[in-house]
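Inspection log for the structure reproduced underneath, given as structure tokens.
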Amino acid sequence: AAKSGGKGRHARYDATLDERAATDAQMGADLRLALDRGEFHLLFQPVVQLPDGVPAGAEALVRWTHPSQGMVPPDVFIAAAERTGLIVPLGSWILREACRQASLWLRRDGASQPWRVGVNISARQLREPGFASQVAEALRESGLTADRLTVEVTETAVFENGPAVEALTAISHLGVSVALDDFGTGHSSLGLLRTTPVDILKVDKSFIDGIPGREEESIIATAMLQIAEGLHLGTVAEGVETRAQVERLHQLGYRLAQGYYFDKPLPATEMGAKLAAAANHSAISAA
Ligand code: C2E
Ligand code: MG
Ligand code: MG
Ligand code: MG
């Protein structure tokens, strides 16, 4: 749901439940127009190796620069885009744009390792008939190979019923990875792992925040890692903000992380430069 409060810059889109329907209609129209006018762009937050921070991938995060309100964060408009259905064309643009950008970087700069781009996919998109063909088409038109793409879905998005599992199975068959985003915060986290093709667990920031201070948090983070390892899944620790977290997570056995300690979401040019630097560095060390 849209967050209320905040700095008041997005007051127009803050709404109580009563006002939501009216706001949604307005928002739906605004989002449609914004898409036609090219007001969206993607930032990329590096996913990095622990403890050295070498980039191992990037997550695409959408931003909307509203002509009068400035930057509107996704927390404000994604939920409304889902309710109004605008997420379908918007999400399709995001997927294609992320693949296009990643393919460009990889062709121009190369990659030192199995570098991947992650794209967030909402519940509504997963349930669109033919979603897997949309993914295949985005790969085909960009020239990105399937092993370079990860789709990020939340437990809640997958949970509801059958069709999402079918879509994820079809995506897996393409060779695209599936990451469970915000892992541990939805319903039925563990049950899902039995029934859904999943490759990566993104351990939610709420489980990372208390590390290294609270021992319970380390115990939970370790248990999640053990489940992942037992099932041959990758893990990413989300929302790492301090050096102490980096050290403790590395000690617990985490190998990948994402967070402000390393990088905030970056413009595409900065992300590309980081990727090029990493590729260069590994070429030099290999020589
Ligand atoms: P998410 O997929 O879990 O993305 C991670 C969010 O955490 C991002 O916020 C990122 O900027 C933020 N973050 C990363 N590291 C840190 C940290 O160290 N500290 C803190 N406090 N925050 C950190 P963002 O970009 O505002 O996105 C919020 C959510 O909106 C995303 O959560 C995702 O659910 C959704 N979203 C963003 N882009 C897209 C998109 O292209 N499509 C869809 N369907 N949803 C998106
Ligand atoms: Mg995500
Ligand atoms: Mg996440
Ligand atoms: Mg999150």
Hits in the stretch 234-265 - residues which are closer than 30 Å to ARG108 by Cβ and open to solvent by 60 Å² or more (accessible area, probe 1.4 Å): ARG255, TYR260, TYR261, LYS264
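If you check ALA167 against the conditions, is it within 16 Å of ligand 4 (Cβ to nearest atom) and surrounded by 18 or more Cβ atoms within 10 Å (Cβ to Cβ)?
Details: within 16 Å of ligand 4 (Cβ to nearest atom): no; surrounded by 18 or more Cβ atoms within 10 Å (Cβ to Cβ): yes.
Taking the combined requirement at face value, the residue does not satisfy it.
Yes or no, residue by residue, for (1) assigned to a loop (DSSP other than H, G, I, E, B); (2) farther than 15 Å from THR235 by Cβ; (3) modelled with pLDDT under 95:
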| position | (1), (2), (3) |
| --- | --- |
| PRO163 | no, yes, yes |
| GLU166 | no, yes, yes |
| HIS173 | no, yes, no |
| ALA179 | no, no, no |
| GLY191 | no, yes, yes |
| ARG194 | no, yes, yes |
| SER218 | no, no, yes |
| THR222 | no, no, no |
Residue count, the stretch 208-233 (criterion: open to solvent by less than 40 Å² (accessible area, probe 1.4 Å) and within 16 Å of ligand 1 (Cβ to nearest atom)): 6
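Restricting the search to the stretch 207-216, which residues are assigned to a helix (DSSP H, G or I) and away from ligand 2 (no atom under 16 Å from the Cβ)? Write out each step before concluding.
To start, the set of residues in the stretch 207-216 that are assigned to a helix (DSSP H, G or I) comprises 207-208, 215-216.
Selection gives GLU215, GLU216.
Using the structure shown, decide if ALA60 is within 16 Å of ligand 2 (Cβ to nearest atom) and among the small types (Gly, Ala, Ser).
Numbers: within 16 Å of ligand 2 (Cβ to nearest atom): yes; among the small types (Gly, Ala, Ser): yes.
In short, yes.
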Can you give me the number of residues within the stretch 177-197 that are more than 16 Å from ligand 4 (Cβ to nearest atom), out of contact with any Ser or Thr (no Cβ under 7 Å at 6 or more places or on another chain) and among the hydroxyl-bearing types (Ser, Thr, Tyr)? 3
What pairs can you find where one residue is in the stretch 239-265 and under 19 Å from ARG214 (Cα atoms), the other is among the polar types (S, T, N, Q) and part of a loop (DSSP other than H, G, I, E, B), and their Cβ atoms are less than 7 Å apart, with a gap of 6+ or different chains? VAL240/GLN258
Only helices (runs of 4 or more DSSP H) wholly contained in the stretch 35-131 count here; list those with 3 or more residues that are within 19 Å of GLU270 (Cα to Cα), open to solvent by less than 20 Å² (accessible area, probe 1.4 Å) and in contact with a helix residue (DSSP H, G or I) (Cβ under 7 Å, 6 or more places away or on another chain). 87-109
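Looking at the stretch 138-149, which of the residues that are charged (D, E, K, R) and over 20 Å from VAL165 (Cα atoms) is least open to solvent (accessible area, probe 1.4 Å)?
Going through the stretch 138-149, the residues charged (D, E, K, R) turn out to be 140-141, 147-148.
Still in the list and also over 20 Å from VAL165 (Cα atoms): 140-141, 148.
On the way: ARG140: 158, GLU141: 87, ARG148: 54 Å².
Top of the filtered list is ARG148.
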All but one of (1) open to solvent by 20 Å² or more (accessible area, probe 1.4 Å); (2) out of contact with any helix residue (DSSP H, G or I) (no Cβ under 8 Å at 6 or more places or on another chain) hold for ALA268, so report the exception by its number. (2)
Given (1) of a type in the set (Val, Ile, Thr); (2) away from ligand 3 (no atom under 16 Å from the Cβ); (3) farther than 30 Å from HIS250 by Cα, index of the condition VAL54 fails: (3)
Report yes if some residue within the stretch 245-263 is more than 16 Å from ligand 1 (Cβ to nearest atom) and within 21 Å of LEU43 (Cα to Cα); otherwise report no. no
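Among the residues that make up the stretch 181-193, is at least one of them open to solvent by less than 60 Å² (accessible area, probe 1.4 Å) and of a type in the set (Phe, Trp, Tyr)? Before you say what the answer is, go through the steps one by one.
First, pick out the residues of the stretch 181-193 that are open to solvent by less than 60 Å² (accessible area, probe 1.4 Å): 181-184, 186, 188-189, 191-193.
Applying the additional criterion that residues be of a type in the set (Phe, Trp, Tyr) yields 183.
Yes, some residue in the stretch 181-193 is open to solvent by less than 60 Å² (accessible area, probe 1.4 Å) and of a type in the set (Phe, Trp, Tyr).
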Which members of the stretch 177-206 meet the condition of being away from ligand 2 (no atom under 15 Å from the Cβ) and in contact with a helix residue (DSSP H, G or I) (Cβ under 8 Å, 6 or more places away or on another chain)? HIS187, SER188, SER189, LEU190, LEU192, LEU193, THR195, THR196, PRO197
Quick one: count up the residues across the stretch 183-223 that are touching a Gly at 6+ places or on another chain (Cβ under 6 Å) and within 14 Å of ligand 3 (Cβ to nearest atom). 5
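I need the full set of residues from the stretch 150-161 which are open to solvent by 40 Å² or more (accessible area, probe 1.4 Å) and of a type outside the set (Ser, Thr, Tyr), in order please.
Our first condition is that a residue be open to solvent by 40 Å² or more (accessible area, probe 1.4 Å); within the stretch 150-161, this holds for 154, 156, 159-161.
Result: PHE159, GLU160, ASN161.
The values are calculated or read from the model by the stated rules, or taken from the named source; none is laboratory data. As the structure is a prediction and not an experimental result, all values here were calculated from the model. Cβ coordinates were reconstructed from backbone atoms using ideal geometry, including for glycine residues, and neighbour counts include every protein chain displayed. The accessibility values were calculated without ligands, DNA or RNA, using every heavy atom of the protein model including side chains. Shrake-Rupley method; radii C 1.70, N 1.55, O 1.52, S 1.80 Å.
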